[in-house]
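**Q** Below is one structure. I have some questions about it.
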Amino acid sequence: MRTPVRMLYDLMDKGSLRALSMLLALLTAGGVMWDPTRFANQAGQLPALQGLVLIWAVCCGVIHGVGFRPRKTRWQALFTPLPALLVLFIALYRYYL
């Protein structure tokens, strides 16, 4: 029997979503590396938890974007791309707009 985590991961396992995930992750990581002070100012001083969530989202985006698919359900739950994509969209929106 398939768990909801596996069904969600299968739903997100499309080529176009992988490309979007990789693009968002690279843009976010590039923005943070290029001008971290601007990113921190735009994000509201970037508290520690917010920074960890951003690192997690970039890692999830790259993992999903390169096509790596975790086999175990617990790792699929940890690296689910849908919440990571939402975090990356919000981060880029706050950074660039």
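**Q** Scan the range 7-26 residue by residue and report those that are in contact with a helix residue (DSSP H, G or I) (Cβ under 6 Å, 6 or more places away or on another chain) and part of a helix (DSSP H, G or I).
**A** Answer for the range 7-26, where residues must be in contact with a helix residue (DSSP H, G or I) (Cβ under 6 Å, 6 or more places away or on another chain) and part of a helix (DSSP H, G or I): Tyr9, Arg18, Ser21, Met22, Leu24, Ala25.
Listed here are the residues, each with its yes/no results for (1) surrounded by 18 or more Cβ atoms within 10 Å (Cβ to Cβ); (2) β-branched (Val, Ile, Thr).
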| site | (1), (2) |
| --- | --- |
| Val5 | no, yes |
| Asp10 | no, no |
| Gly15 | no, no |
| Leu27 | no, no |
| Gly30 | no, no |
| Arg38 | no, no |
| Arg69 | no, no |
| Pro81 | yes, no |
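**Q** Being assigned to a helix (DSSP H, G or I) and open to solvent by 40 Å² or more (accessible area, probe 1.4 Å) is the filter here; which residues of the range 88-97 pass it?
**A** Hits for the range 88-97 are Phe89, Ile90, Tyr93, Arg94, Tyr96.
The values are calculated or read from the model by the stated rules, or taken from the named source; none is laboratory data. Values in this document were obtained by computation on a predicted structure and should not be read as measured data. Cβ sites come from the backbone with ideal geometry, for glycine too, and all protein chains shown count toward neighbours. For the accessible areas, the whole protein counts, side chains as well, though only heavy atoms, and no ligand, DNA or RNA atoms are used. Shrake-Rupley method; radii C 1.70, N 1.55, O 1.52, S 1.80 Å.
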